[in-house]
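**Student:** First the structure, which I've put down as structure tokens, then a few questions once you've had a look.
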Amino acid sequence: MSKTIYAGLIMMLAAQFSLAQTPKIFPYEYSTTKLDNGLSVILIPMESPGLASYYSVVRTGSRDEWEPGKSGFAHFFEHMMFRGTDKYPGPVYDEIMTGLGADANAYTDDDLTVYHINFASEDLERVVELEADRFQNLHYDEKAFQTESGAVYGEFQKGRTSPWFVGLEKLQDMAFDVHTYKHTVIGFEKDIKDMPNMYEYSQSFFKRYYRPENIVILVVGDIRKDKTLDLIKKYYASWKPGYVAPQIKPEPPQIKERIAEVSYPGKTLPLLIVAYKGDAFDVKNKNVIAVSLLEELAFGETSDIYKKLVLNEQKVQMIEAQFAFTRDPFLLGIYTMIKEEKDIDFVKNEIYDALKKSQDALVDETRLNDLKKRKKYSFLMNLDTSDNVAGFMPRFITLTGGIGVVDEVYAAYGAITPQDIQNAARYYFSPEKRNVVLVKGEEK
């Protein structure tokens, strides 16, 4: 399908959505099936001649690392899963994927770990067989475990060469006292250094979290639903359930501002991070939906602060906000890189002023409506390949177990008013909920 025809179809669907006042925006039909062992399967056939995407969404990220001294294992398994099984050892798995012309990769976040493959749809059964095998029969000995844990520590050290890594590590450690968001995705350094001694624990982690009840298989593209589901049943039905939920402690309310300054062992422009405690994702919580729109209104490229600090006065290299949807209450962060140290307090006060304006005055309704339209059409226009469709879904699958919430989120965006934006700003952006981290380079 040509890009022009596709765009026309999407615009027509969007117009129908508007006229009929239906909350449905996701343009593809899909099915959701839960196997007897608890494995959820979401299938989205779409116009994607000869191509398909296969996503295995593990609803476990660094958030689930609740045991003291054991951070970093969610990310660690992102590595280990490519070590393979007795039937298909890692090099054999890689060779087969290369032979298929498939693109296989993975990533880990605070709330999830995702394994994804783009491939020719005629190879569907081979891909289902390989993925089912490694999720059920991953095998590695202690030597391989120690080798990979050493590689993870190398990745940690490489990450620390970034001043942003140093600042974010300090931010999460400072902002959280008991919740597992206290550590970053890669984990605390002392835990990673000790990882080579935790071979048996690694097996326990895998057995508890890599279970069918905690994983969702998402297949998108040039597929037939009945055939695909039959293949998944064939290769996954014997997988035994056994998921054990993590014992995560809720973070108590923050009652006082927290501030830290960190030295970066190198040369960098000053980095300033201002982050406020947020709420867990809940599509029915207007504050959560409204503040996600405020991210763009207050700090996006059309915002007053962006025009002033980036374009006109050129005080900062960049400024952006991330008020993301998360499984538990996380941080609403504003991130900036300042060109000169003498401007640090000035920029910080500009950020506070931008937030205060959103508390004191209603946002312009036309600007808000324009943003809602941009978000909707941007979402629709990016659903043009199987990988783009599949790649959009893991966050929502992790938060809710399915993708039905996507329609609910866009319907909720549509209902947000300037008053809702102001209410959210007043609710979240108070000094006692604030965490501020400043990173300065040791080299000038």
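The values are calculated or read from the model by the stated rules, or taken from the named source; none is laboratory data. Just so we're clear, the structure is a prediction, and the values are computed from it rather than from any experiment. Here Cβ is always computed from backbone atoms with ideal geometry, including for glycine, and neighbour counts include all displayed protein chains. The area values use the complete protein model at the heavy-atom level, side chains included, leaving out ligands, DNA and RNA. Shrake-Rupley method; radii C 1.70, N 1.55, O 1.52, S 1.80 Å.
**Student:** Out of the residues in the stretch 124-143 that are over 30 Å from Leu43 (Cβ atoms) and in contact with a helix residue (DSSP H, G or I) (Cβ under 8 Å, 6 or more places away or on another chain), which is surrounded by the most Cβ atoms within 10 Å (Cβ to Cβ)?
**Tutor:** Selected residue: Tyr140.
**Student:** Gly99 passes all but one of (1) under 30 Å from Asp173 (Cβ atoms); (2) exposed (fewer than 15 other Cβ atoms within 10 Å of the Cβ); which number fails?
**Tutor:** Going through (1) under 30 Å from Asp173 (Cβ atoms); (2) exposed (fewer than 15 other Cβ atoms within 10 Å of the Cβ) one by one, Gly99 breaks only (1).
**Student:** Can you find, within the stretch 297-342, the residue that is nearest to Ile421 (Cα to Cα) among those that are touching a strand residue (DSSP E or B) at 6+ places or on another chain (Cβ under 8 Å) and among the acidic types (Asp, Glu)?
**Tutor:** Glu320
**Student:** How about the stretch 185-198: which of its residues are farther than 14 Å from Pro68 by Cα and open to solvent by less than 40 Å² (accessible area, probe 1.4 Å)?
**Tutor:** Matches in the stretch 185-198: Val185, Ile186, Pro196.
**Student:** Among the helices (runs of 4 or more DSSP H) contained in the stretch 318-408, which hold 3 or more residues that are open to solvent by less than 20 Å² (accessible area, probe 1.4 Å) and more than 16 Å from Ser303 (Cα to Cα)?
**Tutor:** Of the helices (runs of 4 or more DSSP H) lying wholly inside the stretch 318-408, those with at least 3 residues that are open to solvent by less than 20 Å² (accessible area, probe 1.4 Å) and more than 16 Å from Ser303 (Cα to Cα) span 386-392, 394-400.
**Student:** Pairs needed: first member in the stretch 326-347, farther than 14 Å from Val288 by Cα and in contact (Cβ under 8 Å) with a residue 60 or more places away in the chain; second member anywhere, surrounded by fewer than 17 Cβ atoms within 10 Å (Cβ to Cβ) and of a type in the set (Phe, Trp, Tyr); C-beta distance under 6 Å; at least 6 residues apart or different chains.
**Tutor:** Once the first residue is farther than 14 Å from Val288 by Cα and in contact (Cβ under 8 Å) with a residue 60 or more places away in the chain and sits in the stretch 326-347, no partner that is surrounded by fewer than 17 Cβ atoms within 10 Å (Cβ to Cβ) and of a type in the set (Phe, Trp, Tyr) comes close enough.
**Student:** Do you know which residues across the stretch 135-162 are closer than 22 Å to Lys240 by Cβ and under 23 Å from the mean Cα position of the chain (by Cα)?
**Tutor:** Correct list: Phe135 only.
**Student:** Looking only at the stretch 228-264, which residues are more than 17 Å from Phe135 (Cβ to Cβ), open to solvent by 90 Å² or more (accessible area, probe 1.4 Å) and either among the aliphatic types (A, V, I, L, M) or touching a residue at least 24 places away in the same chain (Cβ under 8 Å) (or both)?
**Tutor:** Result: Gln247, Lys249, Pro250, Pro253, Ile255, Lys256, Ile259, Glu261.
**Student:** Which members of the stretch 309-325 meet the condition of being free of Cβ contacts under 8 Å to residues at least 40 places away in the same chain and among the polar types (S, T, N, Q)?
**Tutor:** Asn312, Gln314, Gln322
**Student:** Which residues, taken from the stretch 202-227, are in contact (Cβ under 8 Å) with a residue 60 or more places away in the chain, more than 30 Å from Phe145 (Cβ to Cβ) and not basic (Lys, Arg)?
**Tutor:** Matches in the stretch 202-227: Val219, Val220, Gly221, Asp222, Ile223.
**Student:** State the number of residues belonging to the stretch 62-90 that are over 22 Å from Ala132 (Cβ atoms) and crowded, with 24+ Cβ neighbours inside 10 Å.
**Tutor:** Residues that pass the stated criteria total 8.
**Student:** Scan the helices (runs of 4 or more DSSP H) fully inside the stretch 38-153 and keep the ones with 1 or more residues being of a type outside the set (A, V, I, L, M) and over 25 Å from Phe392 (Cα atoms).
**Tutor:** 90-100, 124-137
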